[in-house]
Every structure is written in C-alpha cells, then in structure tokens.
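For reference, the structure is listed below as structure tokens.
The values are calculated or read from the model by the stated rules, or taken from the named source; none is laboratory data. All values reported here derive from a predicted model rather than from experimental measurement. FYI the Cβ positions are ideal-geometry reconstructions off the backbone, even for glycines, and counts take in every protein chain you see.
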Amino acid sequence: MCLPKEQGGLGFNHLFAHNLAMLSKQGWRLLSNPHSLIAQVFKEVYYPNGSFLIADMGDRPSYSWRSIMEARSILQAGLFWTIGNGTSMKIWDDEWIPNVAAYSLVRPPDTMFETVSAVH
C-alpha cells in the first residue's frame, strides 16, 4: 500500500496519518449527522447525556469507538463556531476560546441581574 503507484502500490506515504484522517471523518459524521443510526447507537452507549466532543472512552469501548476517539483531537483542532440562529447556544457553558484554560465566560452572581432589572 505504501509503495509508489508506479511500483504497484497505492501511493500512501504516511498510512498512519491517512488512517487518522479517515477516523476524524467518522467523528465529523457523528457530529454532523446526529440522527444517523450509528450516531444514535454511539450516543446511547458512550455519551447518552452529552456530546461526542466531551465523551469519555467508557468502561468497555469497542475497537471502533477507541479508534474514533483517538482521532477526535484532530477533528477538534479544525472545528470552529457558527452561531446561526443561536437556539442551540449555551452562552455560559460552551467553550468560546479554544486552547485557553479559562475558555468560557464566567457567570456573574444572580444578584447582579436582580439589581439591573430593579433599575429599569
């Protein structure tokens, strides 16, 4: 497979990198097609109350799940926000700034909102 095409191979220079790219594509499919059968199965088994991006490995992961999880960091490196209509946005909980320790907004005390509404 790694031989040049002229020598009868498939021309893959870095088979490991190609494999990680294909596994990242499977992770993208889990995110972009959440209603597909495989996405629903993985969600039910590995992240029933969350998202693929924050799922953990689990107690007894399948070979497929372990492989996709190994490539998740590559997928995360290429993701970015698109707000759209904002209905699925969690302003206080979502990660706004990637690769920064304090990545989300700090929620002000609830009393601050009471003061603002009392003034108006």
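Going residue by residue through the range 5-19, is there one that turns out to be free of Cβ contacts under 8 Å to residues at least 40 places away in the same chain, under 12 Å from the mean Cα position of the chain (by Cα) and more than 22 Å from Asp94 (Cα to Cα)? No, every residue in the range 5-19 fails to be free of Cβ contacts under 8 Å to residues at least 40 places away in the same chain, under 12 Å from the mean Cα position of the chain (by Cα) and more than 22 Å from Asp94 (Cα to Cα).
Tally up the residues in the range 44-53 that are assigned to a helix (DSSP H, G or I) and closer than 20 Å to Lys25 by Cβ, please.
Going through the range 44-53, the residues assigned to a helix (DSSP H, G or I) turn out to be 44-46, 52-53.
Okay, now just the ones that are also closer than 20 Å to Lys25 by Cβ, so 46, 52-53.
Final tally of qualifying residues: 3.
For Glu44, the requirement of being closer than 27 Å to Leu15 by Cα and modelled with pLDDT of 90 or more is not met. Scanning the range 58-78 for residues that are modelled with pLDDT under 95, exposed (fewer than 12 other Cβ atoms within 10 Å of the Cβ) and not small (Gly, Ala, Ser) returns Asp59, Arg60.
For the range 7-57, the set of residues classified as surrounded by 13 or more Cβ atoms within 10 Å (Cβ to Cβ), aromatic (Phe, Trp, Tyr) and under 16 Å from Arg72 (Cα atoms) consists of Trp28, Phe42, Tyr46, Tyr47, Phe52, listed by residue number. Scanning the range 55-97 for residues that are within 14 Å of Leu20 (Cα to Cα) and among the hydrophobic types (A, V, I, L, M, F, W, C) returns Trp65, Ile68, Met69, Ala71, Ile74, Leu75, Ala77.
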